[in-house]
Amino acid sequence: MDDKQLRKKRDQELIELLNELRVALPGVQVLFAFLLIAPFNARWERVGDDQRAAYMMALLATVLGTVLLIAPSAYHRLRWREKNKERMLRISNRLANAGIGCVAVAMTASVYLVAAEVMSGPWDALATAATGVCFALGWYVLPLSTPYDRWDDDFDDDELHALGSHGRGPSLSD
């Protein structure tokens, strides 16, 4: 793969990432809107300390998730002519993954907030735990446990570096 093909491939990957984020953001925004109005409900006074803690966890995780999921678009907009798309892709991917994790925490805490209001006994904790397990399995375990066939496995790190990449290491400084 020559330099031009590699640049085209990275541009395509960046477009795919930004499109994926466009799909995720409306759901996060709806959750944020729900969380913003919840304390103004007349029944809020009856909410216990554990539900208030879950509420704050959900609210803050939603805010952080929103920031992290929008950050790749802002990064792209501010550095759209940058030649080193590999760095932009790596950073944007890490931001998006962290944002997805925050959304999972926010939604799990939100389930607890609702479940504690409508269920009694251990069912609220069970519903919350089941939600967390579903996120862990669906969003992390399944994708990371299946075989991974990378398009750039045909190159060694020296070749990728020569083509403008800095390898596949986990550093944010790439």
Residue order, fewest to most surrounding Cβ atoms within 10 angstrom, among Thr66, Thr108, Thr146: Thr146, Thr66, Thr108
Dividing the alpha-carbon Rg of the stretch 84-129 by 2.2 N^0.38 Å yields what? 1.77
Alpha carbon centre of the stretch 75-147 versus the stretch 1-49: separation in Å? 10
Mind pulling the per residue volume of the convex hull built on the Cα atoms of the stretch 3-162? Å³ is fine. 121
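Taking the number of other C-beta atoms within 10 Å as the exposure measure, put Val30, Val111, Val63 in order starting with the fewest. It would help to have the intermediate numbers written out before the result.
Working: Val30 10, Val111 21, Val63 15.
Ascending number of Cβ neighbours within 10 Å: Val30, Val63, Val111.
Provide Val141, Val47 in ascending order of the number of other Cβ atoms located within 10 Å of each residue's Cβ, fewest first. Please list the in-between numbers first.
Working: Val141 12, Val47 17.
Fewest to most other Cβ atoms nearby, the residues stand as Val141, Val47.
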Comparing Ala115, Ala42, Ala54 in a Gaussian network model of the chain (Cα, 10 Å), the one with the largest mean-square fluctuation is Ala42
Mind pulling the angle between the C-alpha long axis of helix 3-37 and the longest principal axis of the chain? Nearest 10 degrees, somewhere in 0 to 90. 10
Is the stretch 1-94 rounded, prolate or oblate when judged by the Cα gyration tensor, a ≥ b ≥ c being the square roots of its eigenvalues, rounded requiring a/c under 1.5 and prolate requiring a/b larger than b/c? prolate
Around Leu113: net Lys/Arg minus Asp/Glu count, Cβ-Cβ under 11 Å: -2
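Computed from the coordinates by the stated procedures, all read-outs in this text should not be read as laboratory data. Only a predicted model underlies this, so the values are computations on that prediction, with no experimental measurement involved. Neighbour counts run over all protein chains shown; Cβ positions are idealised from the backbone, glycine included.
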